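Contents: one structure, followed by commentary.
The values are calculated or read from the model by the stated rules, or taken from the named source; none is laboratory data. Because the structure is predicted, anything quoted here is derived from the model rather than measured. Positions of Cβ are backbone-derived with ideal geometry, glycine not excepted, and every protein chain shown enters the neighbour counts.
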Amino acid sequence: MHDHPHARPHAHPPHLHRREFLKRVAVGSLLCAFGEGCGGLSRTGSASAKYDLLVTGGRVVDPSQGLSAVRDVAIAAGKIARVGEGLPRSEARQILDAAGRIVTPGLVDVHVHVYDGVAPLGIPADPNHIAKGVTTVLDAGSAGANTFPSFRRSVINVVDTRVFALLNISVIGQASMTPDTQHGELLSLGYANPKAALRTIEEHRDVILGVKIRLSREIAGEHDLKALAIAREASDAAKLPLMVHIGDTHSSLKDIFAILKKGDVVTHTFHGRAGGILDPNGRVLPEVRDAVGRGVNLDVGHGRGSFSFDVAEKAVRQDLLPGTISSDVHRYNVDGPVFDLATTLSKFLHLGLTLEQVIERAATNAARAFGFPRGLGSLREGSEADVAVWSIAEGDFEFVDALAQKRIGHRKLVPVATLKSGRIYAKEQKR
Ligand SMILES: [Zn+2]
């Protein structure tokens with residue numbers, strides 16, 4: 001692991017601004033404490049034990065090592081020390097009882113928006129991510145070159161969720177658009193500045209993992225291909241992948257996809273707007289298959305306007321599965337229909353993917369899709385001790401897509417507790 005800012009000690013530095021301090025206090029209330037019902041946490045009394053924590057008896061689903069079976073997970077010094085059957089409880093100082101639960105790597109959401117306070121769509125990172133099984137997020141272009149330094153200072157360096165970023169090719173990032181100000185960040189092509197982007201990437205290479213561009217008409221107008229060429233230039237110069245947002249674009253998908261290379265990511269793959277991945281007969285377009293064949297990753301990015309059950313059902317039926325499942329959860333969908341990554345994953349369970357397949361797409365593949373530090377998205381020994389504990393609720397659950405289409409699913413992933421580098425967070429506890 002490189003020296004990421006989150007590796008710093010947890011004490012509140014005295015110089016924190018009031019807003020940062022308040023955020024830290026809010027985070028503190030998410031941290032588990034004994035006796036608060038954090039999904040079965042207890043002490044063993046073994047003071048000299050070799051493990052700090054043992055997560056016992058859960059069904060461990062870790063596609064990075066082809067594992068889906070009842071196992072114990074032992075954690076020491078913030079790393080996964082061992083995954084095995086019936087590990088002795090006496091060897092751990094604390095036990096997190098996960099019997100009857102699902103245990104996965106801490107999830108990696110590769111499309112979120114956490115520049116709370118500057119990008120209008122931004123939401124606070126910790127209550128929406130680390131409290132809900134997601135230890136690592138990739139902010140997808142909320143900040144551009146002019147707004148990134150403050151994003152780093154006020155969010156990335158401060159929150160407990162591991163935040164990495166894609167830099168928006170527009171210098172203003174996503175600071176301009178709200179539901180009643182539909183003026184996108186690339187309507188003025190002058191905001192797309194490859195030199196400023198490259199300079200910012202070089203200054204923040206430890207946290208910027210790629211370049212982001214949004215190409216819908218309301219954002220990039222009719223010069224989407226010109227803007228894309230500028231983003232391509234910055235991405236190539238930085239040797240980092242490009243994430244491209246599609247949906248109701250002026251140019252055809254064919255022309256857009258022709259510019260994408262191995263390692264690039266298309267987000268909003270299953271959107272239901274014009275310019276989608278299906279032909280008028282509902283068949284997956286050849287240029288989509290061609291892009292996948294070249295190593296372009298198809299990402300979900302559910303979002304407010306970008307996930308259609310109808311499109312996803314048709315694609316899945318034709319064996320076109322996403323490479324990564326991300327939420328694009330933000331201010332305008334966090335109260336529905338997106339809510340969080342767990343709900344997005346539950347929608348894919350309803351679409352017929354297995355639990356192993358959805359975890360693979362939100363952990364294994366997600367951690368590999370960009371240049372995240374090694375040791376994320378996996379429970380292999382030596383990995384970061386990022387672990388998520390889930391229950392699977394069974395019943396009739398109404399899931400809603402971005403077009404207000406409804407489906408009734410019967411399984412829902414519910415976050416119980418999250419560990420980041422061995423520290424425990426939980427969503428529900430007494431205040
Ligand atoms: Zn987004």
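For segment 95-114, state whether one or more residues are more than 17 Å from Ser383 (Cβ to Cβ), of a type in the set (Asp, Glu) and more than 24 Å from the chain's Cα centre (by Cα).
Yes, segment 95-114 contains at least one residue that is more than 17 Å from Ser383 (Cβ to Cβ), of a type in the set (Asp, Glu) and more than 24 Å from the chain's Cα centre (by Cα).
Could you list, in sequence order, all residues of segment 293-304 that are surrounded by fewer than 19 Cβ atoms within 10 Å (Cβ to Cβ) and in contact (Cβ under 8 Å) with a residue 12 or more places away in the chain?
Arg294, Gly295, Arg304
Tell me yes or no: at least one residue of segment 199-210 is of a type outside the set (D, E, K, R), closer than 16 Å to Ser235 by Cα and part of a loop (DSSP other than H, G, I, E, B).
Within segment 199-210 (the criterion being of a type outside the set (D, E, K, R), closer than 16 Å to Ser235 by Cα and part of a loop (DSSP other than H, G, I, E, B)), the answer is yes, since at least one residue qualifies.
For Val389, state whether it is crowded, with 18+ Cβ neighbours inside 10 Å, on the phi < 0 side of the Ramachandran plot and either in contact (Cβ under 8 Å) with a residue 12 or more places away in the chain or among the β-branched types (Val, Ile, Thr) (or both).
Working: crowded, with 18+ Cβ neighbours inside 10 Å: yes; on the phi < 0 side of the Ramachandran plot: yes; either in contact (Cβ under 8 Å) with a residue 12 or more places away in the chain or among the β-branched types (Val, Ile, Thr) (or both): yes.
Yes, satisfied.
Can you tell me which of (1) modelled with pLDDT under 90; (2) farther than 15 Å from Glu91 by Cβ is the one Ser46 doesn't meet?
The failed condition is (2).
Looking at segment 100-107, is at least one residue more than 16 Å from the ligand (Cβ to nearest atom), part of a strand (DSSP E or B), of a type in the set (A, V, I, L, M, F, W, C) and under 30 Å from Ala197 (Cα atoms)?
Pass one, segment 100-107, residues more than 16 Å from the ligand (Cβ to nearest atom): 100-107.
Applying the additional criterion that residues be part of a strand (DSSP E or B) yields 102-105, 107.
Retained after the next criterion (residues that are of a type in the set (A, V, I, L, M, F, W, C)): 102-103, 107.
Okay, now just the ones that are also under 30 Å from Ala197 (Cα atoms), so 107.
Yes, some residue in segment 100-107 is more than 16 Å from the ligand (Cβ to nearest atom), part of a strand (DSSP E or B), of a type in the set (A, V, I, L, M, F, W, C) and under 30 Å from Ala197 (Cα atoms).
Within segment 335-354, is even one residue within 30 Å of Ala76 (Cα to Cα) and of a type in the set (Val, Ile, Thr)?
Keep residues of segment 335-354 that are within 30 Å of Ala76 (Cα to Cα), which gives 340-342, 345.
From what is left, the residues that are of a type in the set (Val, Ile, Thr) are none.
Within segment 335-354, not a single residue is within 30 Å of Ala76 (Cα to Cα) and of a type in the set (Val, Ile, Thr).
If you check Arg199 against the conditions, is it more than 16 Å from the ligand (Cβ to nearest atom) and either more than 20 Å from Ser326 (Cβ to Cβ) or over 22 Å from the mean Cα position of the chain (by Cα) (or both)? Explain how you work it out, then say what you get.
Details: more than 16 Å from the ligand (Cβ to nearest atom): yes; either more than 20 Å from Ser326 (Cβ to Cβ) or over 22 Å from the mean Cα position of the chain (by Cα) (or both): yes.
Considered against the rule, which asks whether it is more than 16 Å from the ligand (Cβ to nearest atom) and either more than 20 Å from Ser326 (Cβ to Cβ) or over 22 Å from the mean Cα position of the chain (by Cα) (or both), Arg199 comes out as yes.
Restricting attention to helices (runs of 4 or more DSSP H) lying wholly within segment 276-394, give those where 3 or more residues are more than 16 Å from the ligand (Cβ to nearest atom) and in contact with a helix residue (DSSP H, G or I) (Cβ under 8 Å, 6 or more places away or on another chain).
Passing ranges, in order: 286-293, 341-350, 355-359.
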